[in-house]
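Each value in this text was obtained by applying a stated rule to the coordinates, not by laboratory testing. These figures come from a predicted structure and were not determined experimentally. Neighbour counts run over all protein chains shown; Cβ positions are idealised from the backbone, glycine included.
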Amino acid sequence: MRNYPLRLVLLRCHSRSQQLHFSRHLSHFHSHPSSLRHFSSLIRSRSLFVSQIPDSKNLTFRCFSSSELAIQHKDSDHVLLLTDVFSKSQPTSDEIKLQLDSNNIVITHELVLKVLRSLDATPDVARRFFDWVSESQGERLSSKSYNLMLGILGSNGYVKEFWDLVGIMKKKGYGVIKGAHVRVLEKFEKEGLVSDVENLKELYASGSVDNSAEKVCSRVCKVIKRDVWGDEVEKLLRELKIEYSSDFVVMVLGNLTTETNKALIFFRWIQESNLFKHDERTCNAMLRVLGREDSIEKFWRVVDEMRAAGYEMGEETYVEVLGRFINRKMIKDAVDLYEFAMGGANKPSVQDCAFLLRKIVVSKELDMDLFLKVVKAFTEGGNVLTGSTVDAVLKSLTSVGRFGECNKILKAMEEGGFLPGDTLQSKIAFQLSSNGKKEEASEFMDNMRASGCIPHYKTWASLVEGHCVAGDLNEASDCFQRMVEKVGASCAGYALELLVNAYCHKNRAIDVYELLTDMVNEKELKPWHSTYKVLISKLLVQGGFKEALNLLGLMKNQGFPPFLDPFIEYVSKTGTADEAMTFLNAMTVKRFPSTVVFLRVFEAYLKAGRHNEAHNLLSKCPRHIRNHADILNLFFTMKSQAATAATSVAA
């Protein structure tokens, strides 16, 4: 027997463990029914994979991952573009090449199938596309491709072209599959093409079907699956006298997905026996079979062999294997697969980077080496990290309660050339501070400055707001003061209002009053009018009449109109005549405020029923106020009403 070292190692391992392997899998299948499922091909829908349970008529469906959706979206765009190109009556080779190169389109077997399906109702366009692929990239066509084209021709009444293609398929050893046969037969019968109907039935029932690639593949797989691999299996395979092609090998491997060890032995044997030299398609098919946890070392060995041979990993392979790795939480292998694919011509979509980074940050342990590996592969592939990618990663970090580690993530992103913009900075600052991560928030601000990305005043305001939300007013006050030092007082109005509201809500209006007055006097800060109004109202409620009057003076100095209502309400309900006079004196610009203000205060006193305080205040007023007609009329009215009330009571 010839010496096949690697194959014999696989054979020995398989022979020794066949019974144990079978029993383990049987037990595993009972406890994990989903393990029985095998992935078939991608269907046309962008959102579903079809997986079918062996020996069951029921189909189960699962949602695509965001990575798979991105690939499908890109393929959809490519299908539309190719359809448009070949819709022209006769596109030139230069036109086709220009469109392919400018849009980074790589013609793959899967893409050919998708384009043909999209052209089902436009046979002329389908013919132009099929003929071009046949002439320029014939290796991308398979029995499936030919049968799709056959169905398009026959179902659209292209009878001559249909039979011409059947002749070409016979030379290639391809049979007419059931789907194409049924579809075309229905059309021929409807059109009354009696002879063509008979010929098609004869074709389907003849040896061309029995000897079709599908039937031969079935016989090969039965031989391989029936017995332990050995001399007898190899003898039976040789007796079949098969002329191996890429399509056929891919078909066989696709039918051996549950027999990974035997699939690899077959893969090695046909090349070592000089029956077939593997190409890019067959290597990709082998990867799709091996891309699972129990054969991961063999998978990477074949990947290395592909790299050495200069072959590319196909998009279909990448999507299928990546999805499997992610579902089995094989994150390291998923990252290695992404890195390999990024180094090739069929690069993963931009969305795959964010998809993998999100999977890494929600893993049981945050592996920053894997994170950096993805970032490096992405940026070295000519891509640029964006705010939306980082935002998505940070959301995933939040979902597992790890947002405190965002500084590690941002540091890794910085190595990839990314620095957060103002909006993202604000989000991060708020989330850290609002969750009580004082040290992490401080580290974030320091890192921004160290990287040359000076925090915007909105970022500082978000930091202050977050500390207020967390209830840490002292830290919020410290951050506000640092903000004024770093970005100046002119941009601090919004942050000050946030701070004032938070302090007032905690019944600490006098504390924040001191901060505000210090900032106004020392830093020339100009609070908003609304800030003054809120603080004055809260000071009066919280016993800070004197402080509220001082704010009234600051408002006047900064050109704001006086804020009267809360003072009038305060003195009329609880204030003394002396306090009322102090307020009125504080209101004046010259000697005293206008008579209207005095009148409003007296009216408020009388309305509150505090007549004695109203008279006390009147006695303290200057003569021109005491003798003013409106004031006298007000008190006269008050006395008349009081007398009338007394008479009513006496009666």
- Message: Taking 26 Å as the cut-off for C-alpha to C-alpha distance, list the pairs among Lys114/Lys347; Lys427/Lys556; Lys201/Lys277 that go past it.
- Response: Lys427/Lys556; Lys201/Lys277
- Given the candidates Ile270, Val233, Met251, the one whose Cα lies deepest towards the positive end of the charge dipole of segment 206-354, counting +1 at each Lys or Arg C-beta and -1 at each Asp or Glu C-beta, is Val233
- Item | Cα centroid separation - segment 606-626 against segment 460-483, whole Å | 45
- Message: Given R₀ = 56 Å, what would the calculated FRET efficiency be for Asn346 paired with Asn474, taking r from the Cβ atoms and rounding to 0.05?
- Response: 0.50
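Would you mind getting me the FRET efficiency between Glu198 and Asp294? Use the beta-carbon distance for r and R0 = 45 Å, nearest 0.05.
0.30
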- Task: Convert 20 °C to kelvin, take the viscosity as 1.002 mPa s, use the Kirkwood radius over C-alpha pairs of segment 480-574 as Rh, and evaluate the Stokes-Einstein diffusion coefficient in µm²/s, rounded to a whole number.
- Result: 160
- If packing is taken as the mean number of other Cβ atoms within 10 Å per residue, what is the order of 222-233, 239-250, highest first? 239-250, 222-233
